[in-house]
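Reading through the structure tokens given below for one structure.
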Amino acid sequence: MSKNKKDEIEKVNETAGEGSRDTAPKKGGRGRKLKYGSMSLGIVVVVIAIVVLANLMCGLLVKRYPVKLDLTGDNRYELSDESVEALKKLDKDVDIVVTSPESAFESMAAQYRSIYYQYYGQNVEVPYTIIPEILDKYSMYAEAGKGSVNVKYVDINRDPDVIAKYKANYSGEFAEQSMIFACGDRVKVLGSSDVLAMVAPTKTSMQTGNLEMAFSGESAITSAIMSVADSKPIRAAVVSMMNGSSVVDQIGASIAYSTEQFLEKNGYDCTEIDIATEELGDNYDMLVLCCPAYDFSEDVISKMSDFLYNGGNYEKDMIYIPSLDALNLPNITEFLADWKIQIDESYIKDDKNSVQISGQLYPTVVVSDTEEVGSLPNDTLPIVAPFGRTITVVGKNNETVIKELFKSNDTSYKSSLADDTDSTERAAYNIVVKARKETSSGLSVYGSDLLVIGSPYMLDSTIISSTNTYNNASALLTVINGMSGKENGAVIPEKSLQQNNISPKAGEVRAIEIIVILVIPFLIACVGLVVLLRRKNR
């Protein structure tokens, strides 16, 4: 074979070898790309399925077992344990209709921040946006029980028909920025003033001039929910008139109003009545008489006695709060004596166990019957009894059982209401007592209770609303609920709100939402797409 022929054959073989080498990798590369592409697609599908499944499971778990996640220092967006427990026991569906758009709370926050700055010269945070956040928590926690709380925001100027169905069970008018609570045929309304008062400066900070904001809306909202869901509400008749004339003076009217508001706030259905003309009977479960300025006629006294006797069935209750000025009330005195109670013409002073309120020292009292009063949520707070009239137990009626609930400290002494002279004897005196008359039928025992609160100012609006400062609200509500048999009801302390340095405006909040919800996910998607294309083109 010639040398030239040999060279041609070798060149053909080399060309064939190179072709075979080029062909094999190409076939292997396409296989690997198909294999890895299928695996990537499968992994993406599995991850998406896991995320969707986890999201569904988390949604169900959150409804059943709400997740607490409030990173604020004052826990402003979280419900108290008392409210959570009440919602877990809720067995009915409650509607909450807010008669303004949800965005209105942002406008309120800006408006009142400007107002406080104008009047006090302080730039304080007025976070009305807490209210819709808290309402969401009510809906969430109610899912753990048998009932539900359904919150709806309505612009009543644009869509008034939404609230029309509640008018049949409510005699008042529905205004903007109010809250309607409804369950069946029971309707309760927190007016715009009640909603505005949910976020306000504390009374103490307003007196000192250094504003500190507090949130007291949880107590009002929880009480309203429990009130409309109560299948057997306690109906209280508040005596305001007799034969068309007011039974109280100006100071007594203030105490009567704060007492009525206190009862209303905690689920009692209160109605102001004329004691001489109103039929009591089965219309009411409780009678409330605050600070009468003059004596009642014998007919009215008999009417009150008949109400408590209830035809021998008893099961009626009464709250009596004496006036500090009206001392000569013989018929009322005789009525109380029939229940073994005598209200003395003296009040307590105590220079060793007192608290200062508006620059004045007022004595504190202690629980003298722990079994009857029970335990209080925060027993470190004082129970204050300004101008507490002393109560003496008399022995006229041996069928009446007396419970001495609250006494002054043994460092207290009496001061005469007639001539303002002080006694030198220091002792513990009754300030709040409860008298009970009972009857029995078979194995059942029935009774009526008369609760006498010697200090009108124990129910003063300033003291009774200062739930972080005084224990009056918790102590008295516990006693009244125990007397009336009302199971649901708790005093929820207001929350002191810390001032935050970072408070984004509505526009800034919207910008943050856009960045977090749209921009960041878009950038992540772009990066993922670039990585995918680069891997595909290798």
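At-a-glance table
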read-out: Candidate set: region 341-356, residues that are under 17 Å from Thr411 (Cβ atoms) and not in a loop (DSSP other than H, G, I, E, B); chosen: the one most open to solvent (accessible area, probe 1.4 Å); value: Gln356
read-out: Residues within region 223-256 that are within 22 Å of the chain's Cα centre (by Cα), among the β-branched types (Val, Ile, Thr) and farther than 22 Å from Gly281 by Cα, tallied; value: 2
read-out: Criterion (more than 17 Å from Glu218 (Cβ to Cβ), surrounded by 13 or more Cβ atoms within 10 Å (Cβ to Cβ) and either of a type outside the set (S, T, N, Q) or more than 18 Å from the chain's Cα centre (by Cα) (or both)) met by exactly one of Gly121, Gly147; value: Gly147
read-out: Candidate set: region 325-338, residues that are within 18 Å of Val248 (Cα to Cα) and out of contact with any Leu (no Cβ under 7 Å at 6 or more places or on another chain); chosen: the one most open to solvent (accessible area, probe 1.4 Å); value: Asn328
read-out: Search result, residues across region 258-273 that are surrounded by 17 or more Cβ atoms within 10 Å (Cβ to Cβ), in contact (Cβ under 8 Å) with a residue 12 or more places away in the chain and at negative phi; value: Ser258, Thr259, Glu260, Phe262, Leu263, Lys265, Asn266, Tyr268, Asp269, Cys270, Ile273
read-out: Condition check for Ala164: at pLDDT below 90 and open to solvent by 10 Å² or more (accessible area, probe 1.4 Å); value: yes
read-out: Tally of residues being under 18 Å from Lys434 (Cβ atoms) and of a type in the set (A, V, I, L, M) across region 303-336; value: 7
read-out: One residue from Pro322, Pro292 being closer than 21 Å to Tyr457 by Cβ, surrounded by 22 or more Cβ atoms within 10 Å (Cβ to Cβ) and free of Cβ contacts under 8 Å to residues at least 60 places away in the same chain; value: Pro292
read-out: Subset of region 163-179 [of a type in the set (Phe, Trp, Tyr) and touching a residue at least 60 places away in the same chain (Cβ under 8 Å)]; value: Tyr166, Phe174
read-out: Positions within region 303-316 being open to solvent by less than 60 Å² (accessible area, probe 1.4 Å) and either assigned to a strand (DSSP E or B) or on the phi < 0 side of the Ramachandran plot (or both), in sequence order; value: Lys303, Met304, Ser305, Phe307, Leu308, Lys316
read-out: Condition met for Asp299 (among the charged types (D, E, K, R), more than 25 Å from Ile255 (Cα to Cα) and free of Cβ contacts under 8 Å to residues at least 40 places away in the same chain); value: yes
read-out: Of residues in region 371-424 being closer than 30 Å to Ser80 by Cα and of a type in the set (Asp, Glu), the one surrounded by the fewest Cβ atoms within 10 Å (Cβ to Cβ); value: Glu371
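The values are calculated or read from the model by the stated rules, or taken from the named source; none is laboratory data. Treat the numbers as computed from the prediction; the structure is a model and nothing was measured. Cβ sites come from the backbone with ideal geometry, for glycine too, and all protein chains shown count toward neighbours. SASA here: full protein model, heavy atoms, side chains in, ligands and nucleic acids out. Shrake-Rupley method; radii C 1.70, N 1.55, O 1.52, S 1.80 Å.
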